[in-house]
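Notes to accompany the following structure.
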Amino acid sequence: MALKVGLEVTPDKYLPHRYAGASGDFNPIHIDQEFARQVGLPSNILHGLYSMAQVARACTQAAGGDPRSLRRLSVQFRGMGFPEQEITVSGKERESSDDTVILDLEAKQGGKKIIKNGEAELRDPKG
Amino acid sequence: MRGAAEVTSRAVPVDAAAKGKTYPPHEYEVGKEKIREYALAVGEENPIHFDREQARAAGFRDIPAPPMFAVVYSAGAVGPAVLDPEVGINFAMMVHGGQEFAWGEPVCAGDTITTEASIKDIYERGGMGFYIFESVSRNQDGEEVVRGTWTNIVRGS
């Protein structure tokens, strides 16, 4: 099966606050613009694991929506993601067997990679 | 020679003594509303994460957590390992460099997940310190639900 992998999402201004509450990661670089600027960042930045969750979502969507289809996902975080900018997740099939597909993935914002060297293993949950 | 000395002076001193260290298990009870909160935050659209009937119709024993919910129940085990003074990470210079999860049994509302963290590796490369943590999470039946590899990188000054 040749999978189509792609997802676009624009996290709104308050997304990092909601993700902080949902995940329990209240590091002020994600939720406090003033603090972020004091430590030399342009503004508060997205949680890397939120961006990774978008890559995971692109995988399960490509596999038909079943969360059991995602068996493994590994990523490297690069650069910084920002709220109010579109994230584009893209991926392509590297190899596949009867019931398993290996994908190469990345996530970008404004042409800059925020996740690179993403690799996912998808399996047919009914297989 | 001078170049080599400069590189050495900028390198992050890495103490690998804590390699192999393990931490006490952390228990987490998975709640339906916590799954909803997480699923909404990351933009999940599949109704099985919100509706018990639809989850059961899809073959789950209760509402399943999205795969990346692993960070929620693992955090209480991995956090103390990352913060351990014996590991000695300089947090001002730390970035989350990479993450891997390998999933097993699905995690559903009502599950009790026990996670054990350990230090898989500590090494220096290219003047940076690499701290690799592993977490293994099991459900109430002892089945592995996820294995996480957390890579934190400490940059040189």
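Residues are listed down the side, and each one gets a yes or a no for (1) assigned to a helix (DSSP H, G or I); (2) touching a residue at least 12 places away in the same chain (Cβ under 8 Å):
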| position | (1), (2) |
| --- | --- |
| A:18 | yes, no |
| A:25 | no, yes |
| A:43 | no, yes |
| A:58 | yes, yes |
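What pairs come out if I take residues in the stretch B:13-39 that are polar (S, T, N, Q) and pair them with residues that are surrounded by 14 or more Cβ atoms within 10 Å (Cβ to Cβ) whose C-beta lies under 7 Å away, six or more apart or interchain?
From the stretch B:13-39, the pairs are B:22/B:116; B:22/B:118.
Pull up the stretch B:133-157, narrow it to residues that are surrounded by fewer than 18 Cβ atoms within 10 Å (Cβ to Cβ) and either β-branched (Val, Ile, Thr) or in contact with a helix residue (DSSP H, G or I) (Cβ under 6 Å, 6 or more places away or on another chain) (or both), then point me to the one that is nearest to residue B:13 (Cα to Cα).
Of everything passing the filter in the stretch B:133-157, B:156 is nearest to residue B:13 (Cα to Cα).
Of all residues being part of a loop (DSSP other than H, G, I, E, B), modelled with pLDDT under 95 and β-branched (Val, Ile, Thr) in the stretch B:1-60, which is farthest from residue B:122 (Cα to Cα)? Just the residue, please.
B:12
Which residue out of A:121, A:106, A:93 is part of a strand (DSSP E or B), closer than 25 Å to residue A:13 by Cα and among the acidic types (Asp, Glu)? Before you say what the answer is, go through the steps one by one.
On the way: A:121 fails: closer than 25 Å to residue A:13 by Cα; A:93 fails: closer than 25 Å to residue A:13 by Cα.
After applying the criteria, what remains is A:106.
Any residue at all in the stretch B:93-110 that is more than 9 Å from chain A (Cβ to nearest Cβ) and modelled with pLDDT under 95?
Yes, the stretch B:93-110 contains at least one residue that is more than 9 Å from chain A (Cβ to nearest Cβ) and modelled with pLDDT under 95.
Hey, residue A:65 hits all of (1) over 26 Å from residue B:130 (Cβ atoms); (2) away from chain B (no Cβ under 11 Å); (3) part of a loop (DSSP other than H, G, I, E, B); (4) free of Cβ contacts under 8 Å to residues at least 24 places away in the same chain but one; which does it fall short on?
Result: residue A:65 fails condition (2) only.
Those residues that are farther than 20 Å from residue B:145 by Cα and either buried (at least 19 other Cβ atoms within 10 Å of the Cβ) or of a type in the set (Val, Ile, Thr) (or both), I need them from the stretch A:23-33; list them, please.
A:25, A:29, A:30, A:31
Please verify whether the stretch B:73-94 includes one or more residues that are buried (at least 23 other Cβ atoms within 10 Å of the Cβ) and under 29 Å from residue A:7 (Cβ atoms).
Yes: the stretch B:73-94 contains one or more residues that are buried (at least 23 other Cβ atoms within 10 Å of the Cβ) and under 29 Å from residue A:7 (Cβ atoms).
Please state which of the following conditions residue A:36 fails to meet, knowing it meets all the rest: (1) crowded, with 18+ Cβ neighbours inside 10 Å; (2) within 9 Å of chain B (Cβ to nearest Cβ); (3) not in a loop (DSSP other than H, G, I, E, B).
In the conditions (1) crowded, with 18+ Cβ neighbours inside 10 Å; (2) within 9 Å of chain B (Cβ to nearest Cβ); (3) not in a loop (DSSP other than H, G, I, E, B), residue A:36 misses (2) alone.
Residues checked against (1) more than 24 Å from residue B:34 (Cβ to Cβ); (2) within 11 Å of chain B (Cβ to nearest Cβ); (3) under 16 Å from the mean Cα position of the chain (by Cα):
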position: A:25; (1), (2), (3): no, yes, no
position: A:43; (1), (2), (3): yes, no, no
position: A:55; (1), (2), (3): no, yes, yes
position: A:60; (1), (2), (3): no, yes, yes
position: A:85; (1), (2), (3): yes, no, yes
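Going by the structure shown, is residue B:97 touching a Ser or Thr at 6+ places or on another chain (Cβ under 6 Å) and under 25 Å from residue A:59 (Cβ atoms)? Break it down into steps so the answer makes sense when it comes.
Details: touching a Ser or Thr at 6+ places or on another chain (Cβ under 6 Å): yes; under 25 Å from residue A:59 (Cβ atoms): yes.
Yes, satisfied.
Does the stretch B:93-116 contain any residue that is assigned to a helix (DSSP H, G or I) and either touching a strand residue (DSSP E or B) at 6+ places or on another chain (Cβ under 9 Å) or over 30 Å from residue A:114 (Cβ atoms) (or both)? First the steps, then the outcome.
Taking the stretch B:93-116 and keeping what is assigned to a helix (DSSP H, G or I), we get B:93.
Subset that is either touching a strand residue (DSSP E or B) at 6+ places or on another chain (Cβ under 9 Å) or over 30 Å from residue A:114 (Cβ atoms) (or both): B:93.
Scanning the stretch B:93-116 turns up at least one residue that is assigned to a helix (DSSP H, G or I) and either touching a strand residue (DSSP E or B) at 6+ places or on another chain (Cβ under 9 Å) or over 30 Å from residue A:114 (Cβ atoms) (or both).
The values are calculated or read from the model by the stated rules, or taken from the named source; none is laboratory data. Computed from a prediction, not measured in an experiment: that's the story for all the values here. Cβ sites come from the backbone with ideal geometry, for glycine too, and all protein chains shown count toward neighbours.
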